[in-house]
Ligand code: MLT
Ligand code: ZN
């Protein structure tokens, strides 16, 4: 697949085109391994997103190892009006972390050190470029956990998830990531460094800049982890089961995830040799996780819950993990849904909040629309499957349209239909993945004119030259190269 072209967006003519004097300056402040210049296809992994959907044309990647170097880079870019895209693990799902045109890529990946950990308060400080998997490992070794988990944990970085306020698989238990951030170190677009990374528990601030360091409240590692994978027959029953789980598993309930049959069918193909967890196929599946302090107690509680759900005929079949390997295996079936959908070539992706009673209806409406157009099926039809899954506990559904190719026809059927549907139901067009490039210009489906005006004012205040991650979210300037 080739990446999408952007016929409706014009490069902001105020931005300077990078020249050899600029590169010379960057070379004067950076080591050789902190700068990569384009040479053939060298920069593809930085220019192209994980979904193969967006591809920029940057000629330069800077990979500074210190906050001071980030500051020098930003000051120079601001003075010279060179546009910059900060990049973490490049796992984002809305085209936010790759350039649109020739913006310089500022990768945080060489800022990857843990700075400090206080086992008494749980305060964990690290560079922005620490990979989430490594943060989890470090904290696990210290009897704690990072308060967020994502399917992209092996690649995404702490600074990226904090700056996007990623939601993830355990929000139900640990709350929004921003609620756990204690302090930040941020480089403003003009190069100034502001830091409250030593902040105490209650000290909230907000800004726009490059996150270079994060202090976050780690949670104590649960002594007991259990999970179960369940098959059920309708989305109404998924909701009934959620109500029951909140009542009966109460304080130990830490995740309640759902997947429709299409999600699991793609995952069965993707995981090929891995035997599926249940005996039969079902219209819906739910993964329930408990995290507590007493293995025997939690296991008994979860088993009793499953037994009574079977007796009440809420659920048809379940598979409970008997040990940690099975626990991990059960999570693999949930975490593999996104890569499974992406494995046919690419995917269109939506991430929405809706009232629970409406949550799955958007997936049904979209699937019907694509089916009616005769676009879903075996090759040469362009769509492999249109599937819904997500976080019931947070009222958040992900809609993945797994495709063999991106086409204007599919795009025209999806948008603005999806956004209008969400607006009519008073939901949000971005529950946790953000606005990025994909949804720029669409914020008004979920936000009022006044709110968008305020966002623009904040952006203009901190980034008057609009050099930071342009063409995305909200940007000041003429319509042809800005948003909303
Ligand atoms: C998930 O819930 O799996 C994540 O938000 C990632 C995704 O949907 O691709
Ligand atoms: Zn999600």
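A few comments on the model shown:
- Flag for residue 89 being crowded, with 20+ Cβ neighbours inside 10 Å, within 16 Å of residue 211 (Cβ to Cβ) and touching a helix residue (DSSP H, G or I) at 6+ places or on another chain (Cβ under 8 Å): yes
- Of all residue pairs spaced 6 or more apart or on separate chains, none has beta-carbon atoms under 9 Å together with a first member in the range 365-393 that is in the same structural domain as residue 253 (by TED's automatic domain parsing) and a second member that is away from ligand 2 (no atom under 16 Å from the Cβ) and not in a strand (DSSP E or B).
- Flag for residue 125 being over 14 Å from residue 219 (Cβ atoms) and surrounded by fewer than 17 Cβ atoms within 10 Å (Cβ to Cβ): no
- Hits in the range 393-415 - residues which are away from ligand 1 (no atom under 15 Å from the Cβ) and in a loop (DSSP other than H, G, I, E, B): 404, 405, 406, 407, 415
- Complete set of residues in the range 149-202 that are closer than 30 Å to residue 331 by Cα, away from ligand 1 (no atom under 16 Å from the Cβ) and at pLDDT 95 or above: 158, 159
- Residue 278 modelled with pLDDT of 95 or more and part of a loop (DSSP other than H, G, I, E, B): yes
- Take the conditions (1) out of contact with any strand residue (DSSP E or B) (no Cβ under 8 Å at 6 or more places or on another chain); (2) away from ligand 1 (no atom under 16 Å from the Cβ); (3) assigned to a loop (DSSP other than H, G, I, E, B); residue 75 misses just one of them, which is (3).
- Tally, over the range 462-484, of residues that are within 24 Å of the chain's Cα centre (by Cα) and either modelled with pLDDT under 90 or closer than 19 Å to residue 446 by Cβ (or both): 7
- Within the range 203-214, considering residues that are more than 17 Å from residue 68 (Cβ to Cβ) and crowded, with 16+ Cβ neighbours inside 10 Å, the one modelled with the highest pLDDT: 214
- Tally of residues being within 16 Å of ligand 1 (Cβ to nearest atom) and over 30 Å from residue 252 (Cβ atoms) across the range 423-440: 7
- Selection count where residues are more than 13 Å from ligand 1 (Cβ to nearest atom), assigned to a loop (DSSP other than H, G, I, E, B) and touching a helix residue (DSSP H, G or I) at 6+ places or on another chain (Cβ under 8 Å), scope the range 124-148: 5
- Residues in the range 17-43 that are in a helix (DSSP H, G or I) and surrounded by 11 or more Cβ atoms within 10 Å (Cβ to Cβ): 22, 23, 25, 26, 27, 29, 34.
- Here 289, 312 are screened, and the one residue that is touching a helix residue (DSSP H, G or I) at 6+ places or on another chain (Cβ under 9 Å), at negative phi and within 16 Å of ligand 1 (Cβ to nearest atom) is 289.
- Each residue in the range 335-346 was checked for being buried (at least 16 other Cβ atoms within 10 Å of the Cβ) and more than 15 Å from the chain's Cα centre (by Cα), and 5 pass.
- Only a single criterion out of (1) within 16 Å of ligand 2 (Cβ to nearest atom); (2) in a helix (DSSP H, G or I); (3) crowded, with 23+ Cβ neighbours inside 10 Å is not satisfied by residue 258, namely (2).
- Count of residues meeting criterion [buried (at least 17 other Cβ atoms within 10 Å of the Cβ) and touching a residue at least 60 places away in the same chain (Cβ under 8 Å)] in the range 297-318: 10
- Test: residue in the range 94-104 that is within 19 Å of residue 215 (Cα to Cα) and buried (at least 20 other Cβ atoms within 10 Å of the Cβ): no
The values are calculated or read from the model by the stated rules, or taken from the named source; none is laboratory data. Everything numeric here is computed off the predicted structure, so don't read it as measured data. No Cβ is skipped: glycine too gets one built from the backbone with ideal geometry, and neighbour counts run over all protein chains shown.
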